[in-house]
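One structure is given here, and the rest of the page talks about it.
The values are calculated or read from the model by the stated rules, or taken from the named source; none is laboratory data. Keep in mind it's a predicted model, so treat the numbers as computed, not measured. Virtual Cβ from ideal backbone geometry, glycine too; neighbours counted across all protein chains shown. Please note that ligands, DNA and RNA were not included when accessible areas were found on the heavy atoms of the full protein model with its side chains. Shrake-Rupley method; radii C 1.70, N 1.55, O 1.52, S 1.80 Å.
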Amino acid sequence: RSKQWYQRRVRVQRLAEDLEYSELLDKAADEEDPHLKMMYLLVFSAIPFACITKRYSKPFNPLLAETYEVLREDKGFACIGEQVSHHPPVTCLHAEHEKWTFWQEYKMDSKFRPTFFKIIPTGSVHFKIRSTGEHFSWKKPTTTIHNIILGQLWNDQEGTITITNHKTGDQGCLNFVPYKTTKHFTKIKGEVTDRDGTTKVQLKGDWTSHYNYRRVGEEAWNEAWKLPAEIAEDKKKYYGFSTFAIQLNEEEEGVAPTDSRNRPDQRWLEHGDVDGAAEEKLRLEEKQRARRKAAKNAEPQWFAMKEDPDTHEQYHMYSGGYWTAKLKQDFSNSPDIF
């Protein structure tokens, strides 16, 4: 399992992959119907599970202060992520678009048993529409990977994604049912309710492939999202990675020296040199321990702990400055982590 267990990605890159279908965030920002707006966000929140189906390997753990940027002119957003804590591991991501802002702090608990590994996210995800000031937040469900020692790997999800509109009080819920409850565990149902709890929109589908919706009172179901056929084919060819996911690790000039693309162990593994990657991984971990022992660069570069005025949670938020530093090509304050 050891070679199979690691994928050629770092956790902070994996978070950026959540934005593969950012056009759903565009639709939510443009939609005037508040309940359809929530419906698009429910679908967006669950799509990452379709994107990583059949990909069970574990991303590399980011080094403290490791960063990752994505600048997608075709999709209209710029995104920066950073590993802000090593013990406990905490990874942050912040993306900006002319219509919206998206951010998340990823941290997790886990349970390991001889037959499964359970990932329990404890951080929160946020989305804000610039034109209306509406702020939405939610938490990710639990993922369980089965047969981690023997047998064919497979996974299921359990729990409920509950999205709250902190301005209007509307809520959206999407329920994931684990395999132990039903063999139809990929089937999914959800609903959007107003602040009084009245159901306005119903949602159904399969978290591996598609979602449909209808307003209450209507008989016909409408397509909300479907995994494109070409993406499904790409995933078969490229070990569960879509073209978007593969592009995330392409080398680029001008990124910060702490960017995951510059990480040597991951790059060596991507080139098929398993032994060289293992040696580099050990060197990087020893270097990180020495840096932590010397208490150097303990504070995050681009994020700071703040209180959310709507949820009253304390978490790391983007403090600014990254894109200015990139424009000036001045990363003199970035630590030497590789």
Item checked: Within a Gaussian network of the chain (alpha carbon springs, distance under 10 Å), most fluctuating of 181, 144, 101 -> 181
Next item on the list: Report, by chain and number, residues whose modeled amide H sits under 5 Å from the one on residue 58, excluding near sequence neighbours (fewer than 5 apart, same chain).
Entry: 6, 7
Item checked: Accessible area in square angstrom per residue, the stretch 206-338, 1.4 angstrom probe -> 60 Å²
Item checked: Choice from 288, 202, 152 with maximal GNM fluctuation in the chain (Cα, 10 Å cutoff) -> 152
Note to self: Taking Kirkwood radius over Cα pairs in Å straight from the coordinates, which label in (1) 24.4; (2) 21.0; (3) 25.5 is the correct one?
What the structure shows: (2)
Margin query: Given a 1.4 Å probe and heavy atoms of the protein chains only, how would you sort 38, 317, largest accessible area at the top?
Written below: 317, 38
Next item on the list: Find how many whole Å separate the alpha carbon centroid of the stretch 233-310 from the alpha carbon centroid of the stretch 148-202.
Entry: 31 Å
Checklist line | Accessible area, probe 1.4 Å, largest first, for residues 209, 131, 124 | finding: 131, 209, 124
Item checked: Electrostatic dipole magnitude of the stretch 146-300 [Cβ: Lys, Arg +1; Asp, Glu -1; Cα centre; debye, to 20] -> 620 debye
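Return the ratio Rg/(2.2 N^0.38 Å) for the stretch 51-126, where Rg is computed over Cα atoms only. Display every interim value, and only then the final one.
On the way: Rg = 14.7 Å, N = 76, 2.2 N^0.38 = 11.4 Å.
Relative to the 2.2 N^0.38 Å estimate, the stretch 51-126 comes out at 1.29.
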Check: If you keep only loop residues by DSSP, which GluC sites (Glu not before Pro) in the stretch 13-92 have at most 16 other Cβ atoms within 10 Å of their Cβ?
Finding: 31, 32, 73
Next item on the list: Just name one of 264, 240, 197: the one whose Cα is farthest towards the positive end of the charge dipole of the stretch 183-318 (beta-carbon charges, Lys/Arg +1, Asp/Glu -1).
Entry: 197
Item checked: Radius ratio Rg over Rh of the stretch 81-210, counting only Cα atoms, Kirkwood formula for Rh -> 1.02
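Go ahead and estimate [θ] at 222 nm for the chain from helices alone: -39,500 (n - 2.57) per DSSP H run with n ≥ 4, summed, over the residue count, rounded to 500. Write out the running numbers ahead of the final one.
Details: 9 runs with 84 residues, N = 338.
So the calculated ellipticity at 222 nm is -7000 deg cm²/dmol.
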Checklist line | Accessible heavy-atom area order of 39, 305, 108, highest first, probe of 1.4 Å | finding: 305, 108, 39
Check: With every protein chain present, what accessible area does residue 252 have (1.4 Å probe, heavy atoms only), rounded to the nearest 10 Å²?
Finding: 90 Å²
Check: Given springs between every Cα pair under 10 Å in a Gaussian network model of the chain, which of 142, 311, 160 has the largest fluctuation?
Finding: 311
Check: How much accessible surface area, in Å² rounded to 10, belongs to the heavy atoms of residue 312 with a 1.4 Å probe?
Finding: 120 Å²
Next item on the list: Set Lys and Arg Cβ to +1 and Asp and Glu Cβ to -1, take the dipole of the chain about its Cα centre, and tell me which of 282, 71, 115 lies farthest positive.
Entry: 115
Check: Taking the Cα atoms of the stretch 139-191 alone, what are Rg (to one decimal) and Dmax (as a whole number) in Å?
Finding: 14.2, 49
Next item on the list: Enter the accessible area of residue 179 (Å², nearest 10), with the probe set to 1.4 Å and all protein chains included.
Entry: 100 Å²
Notebook entry, point to check: When the accessible area of the chain is computed with all protein chains present and a 1.4 Å probe, what percentage of it is carbon and sulfur?
Noted result: 50 percent
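Using +1 on the beta carbon of Lys and Arg, -1 on that of Asp and Glu, and nothing else charged, what's the dipole of the chain about the Cα centre, debye to 20?
Details: 50 positive and 52 negative charges, 305 e Å.
About 1460 debye.
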